[in-house]
Amino acid sequence: MSPGPALPAWLTRVAVFDLETTGVDVTTDRVVSAHVGVLDADGWEIAARSWLADPGVPIPEGATAVHGITTEFAAGNGRPAREVVAEVTAALRSLLVQGVPVVAYNAAYDFSLLAHEAARHGIEPLVDPSPVIDPLIIDKAYDRYRRGKRTLEVVAEHYAVPLEGAHEASADAIAAGRVAQALARQFSLPPTLTELHTRQIGWARSQAASLTEYFVSIGRLEPEETLDGSWPVRPSPPTGSH
């Protein structure tokens, strides 16, 4: 095999993070389950913690169909949402303070929803988490014209990363981490985490602008509407708390 790009130093240890939730609205939907782990250079998980929360609201059937967790199961087996949100936030904050990058697929979704949950429960949110690695943003930046969907399942398969038990927080988190490592082996990514984080902010903004243009052209958005390209945390609406 021909040697690939020089592997960045951050590849040796990455944290992984994923949420399963009651829906897709980051401002109003709630955490149902969460996973935070750490992968070594070979993609093996060397530390892990999973949580199940009682979100305190009914879990819609559509959400249950995705992750398999019912309202009754969460209420009977989950811990109070405030405790779970506090512990997940603390775990991520601890990793980031140590300089361990946190991989999250479509990071703006998970980090934004977690920040809103934290604010809802009176917990100090992660306002500007860094360093974060988002395989979705990176894949779009380096392989922009590849056709097809960019769901985690599709992208994992493209990079030959096994994903068993999709839409289960630990399976999705681990697969996202391994996709990030696969991207680093295939493409010449920025050499430092700081530069990679900064570049992703710009890529996310330009990708949102491009998608906005496309959605307007097909009538899915009105001309005055825009998709929010903020990354890795979307700002709260004016009525929300920061």
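The values are calculated or read from the model by the stated rules, or taken from the named source; none is laboratory data. What you see is a predicted model, and the numbers here were worked out from it, not measured in a lab. Quick reminder, even Gly has a Cβ in these numbers, built from the backbone with ideal geometry, and neighbours come from all protein chains shown. Heads up: the accessible areas ignore ligands, DNA and RNA and are worked out on the full protein's heavy atoms, side chains in. Shrake-Rupley method; radii C 1.70, N 1.55, O 1.52, S 1.80 Å.
Things worth noting here:
- If you go through segment 174-205 and keep only what is of a type in the set (G, A, S) and either touching a strand residue (DSSP E or B) at 6+ places or on another chain (Cβ under 8 Å) or open to solvent by 70 Å² or more (accessible area, probe 1.4 Å) (or both), you end up with A176, G177, A180, S188.
- Those residues of segment 151-173 which are charged (D, E, K, R), open to solvent by 70 Å² or more (accessible area, probe 1.4 Å) and either within 14 Å of V16 (Cβ to Cβ) or part of a helix (DSSP H, G or I) (or both), in sequence order: E153, E157, E168
- A209 vs. criteria more than 30 Å from D42 (Cβ to Cβ) and of a type in the set (G, A, S): yes
- Some residue of segment 157-164 being in contact with a His (Cβ under 9 Å, 6 or more places away or on another chain) and either farther than 23 Å from D29 by Cβ or modelled with pLDDT under 95 (or both): no
- If you filter segment 4-54 down to residues that are polar (S, T, N, Q), in contact with a helix residue (DSSP H, G or I) (Cβ under 7 Å, 6 or more places away or on another chain) and not in a strand (DSSP E or B), you find that the one that is surrounded by the most Cβ atoms within 10 Å (Cβ to Cβ) is T22.
- When restricted to residues that are over 22 Å from the mean Cα position of the chain (by Cα) and without any contact (Cβ under 8 Å) to a residue 24 or more places away in the chain, segment 67-91 contains 6.
- So G148, is it in a helix (DSSP H, G or I), free of Cβ contacts under 8 Å to residues at least 12 places away in the same chain and either more than 18 Å from L96 (Cα to Cα) or open to solvent by 10 Å² or more (accessible area, probe 1.4 Å) (or both): no
- Count of segment 63-74 residues which are open to solvent by less than 60 Å² (accessible area, probe 1.4 Å) and assigned to a helix (DSSP H, G or I): 5
- Taken over segment 102-120, the criterion of being more than 13 Å from the chain's Cα centre (by Cα) and open to solvent by 50 Å² or more (accessible area, probe 1.4 Å) is satisfied by R120 alone.
- Residue in segment 77-86 that is within 22 Å of A180 (Cα to Cα) and touching a Leu at 6+ places or on another chain (Cβ under 6 Å) present: no
- Within segment 200-216, residues that are in contact (Cβ under 8 Å) with a residue 40 or more places away in the chain have Cβ atoms under 8 Å from residues that are open to solvent by 60 Å² or more (accessible area, probe 1.4 Å) and in a helix (DSSP H, G or I) in these pairs: W203/K140; Q207/K140, counting only partners at least 6 apart in sequence or on another chain.
- Check on P129, assigned to a loop (DSSP other than H, G, I, E, B) and buried (at least 22 other Cβ atoms within 10 Å of the Cβ): yes
- Given (1) touching an Asp or Glu at 6+ places or on another chain (Cβ under 7 Å); (2) within 24 Å of P8 (Cα to Cα), number of the condition A171 does not satisfy: (2)
- Some residue of segment 133-141 being touching a His at 6+ places or on another chain (Cβ under 9 Å), β-branched (V, I, T) and open to solvent by less than 40 Å² (accessible area, probe 1.4 Å): yes
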